[in-house]
1. For the chain, what is the mean residue ellipticity at 222 nm derived from helices alone (per DSSP H run of n ≥ 4: -39500 (n - 2.57); sum divided by total residues; nearest 500 deg cm²/dmol)?
2. Taking all protein chains in place and a 1.4 Å probe, what share, in percent, of the accessible surface of the chain do carbon and sulfur account for?
3. Report, ordered by chain and residue number, the aspartates and glutamates lying within cross-link reach of residue 38, taken as a straight Cα distance under 14 Å and ignoring same-chain residues fewer than 8 apart.
4. At 1.4 Å probe size, with every protein chain present, just tell me what the per residue accessible area of the chain comes to in Å².
5. With just the Cα atoms defining each centre, how far is the range 8-44 from the range 140-168? Give it in Å.
6. Which net charge results when you count Lys and Arg as +1 and Asp and Glu as -1 among the other residues whose beta-carbon is under 12 Å from that of residue 139?
7. How big, on average over all directions, is the shadow cast by the Cα convex hull of the range 10-216, in nm²?
8. What's the local net charge at residue 123, with K and R +1, D and E -1, over the other residues with C-beta under 12 Å away?
Amino acid sequence: MNTSLHISSAFDRDLEGIQAQIMKMGGLVEEAILSAAKSLETRDEELAEQVRSGDRAIDALEEALNEEAARVIALRAPTAIDLRVILSVMRMSANLERIGDLSKNMAKRTGVLVTMPAIGGTSTAIRRMARDVQKMLKDALDSYIQRDEALALDVIERDRDIDQMYNTLFREFLTFMLEDPRNITPCMHLHFIAKNIERMGDHVTSIAEQVVFLTSGAKPEDARVKVDRTSHDSSLSSGLDEQGA
């Protein structure tokens, strides 16, 4: 048997395994996003706990994927193009892990918010925003499997809508807080949640950018301009680190 063909066949099998792991991880993250938002809207503490405990499976998948990728690099000595595929997958898994953490952070606040009065229809709006991010993530992962640069670019463009939804929610929170000081604490928790979802959109965009890099060999030419204006104000963004409470 031709040795080069044997190595190529083995690498293809290894890559299929890695891709299966990234898609499984993506599915768990999509579920975490939707469940975290649903637990907030329905004030379901049990569902929120499922999201928090489920994050361990996402972390374990990232660790396993990175170990497998490192093994393939060491064992197969992939060419430049094949190496780019593996490195892109590793970056994608890191972004998925961060989205999982942000979903867990959302779920953590549900236990606090169930003891407080609901604030208008903000929980429903947050769930809608989370659903849009989940759809972006699904399309980003599909664009990777299909090597569809156009779909990846569409995902990147849609992040502007997430930023705009966040800005709208932020203004609503300010209005509620000004109307009644008792709304300040729940609105601050809701603001942290909305900011987490906005950051999820950024991580999904990074995944889509990896697809563009993978298919074209270059990052998107136009610098992505953030529509989120609140991030420029340190007084508003203090305490909003992704590790979250």
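1. Numbers: 7 runs with 199 residues, N = 245.
Rounded to the nearest 500, it is -29000 deg cm²/dmol.
2. 53 percent
3. Of all the aspartates and glutamates, those that pass the test against residue 38 - Cα under 14 Å, at least 8 places apart if same chain - are 30, 46, 49, 132.
4. 48 Å²
5. 17 Å
6. My count for the surroundings of residue 139 gives -4.
7. Convex hull of Cα atoms, orientation-averaged projection: 10.9 nm².
8. On the way: positive: 38, 43, 109, 127, 128; negative: 41, 44, 172.
Within the 12 Å Cβ shell, the charges total +2.
The values are calculated or read from the model by the stated rules, or taken from the named source; none is laboratory data. Everything numeric here is computed off the predicted structure, so don't read it as measured data. Please note: Cβ atoms are built from the backbone with ideal geometry, for glycine as well, and neighbour counts cover all protein chains shown. Accessible surface areas use protein heavy atoms only, side chains included; no ligands, DNA or RNA. Shrake-Rupley method; radii C 1.70, N 1.55, O 1.52, S 1.80 Å.
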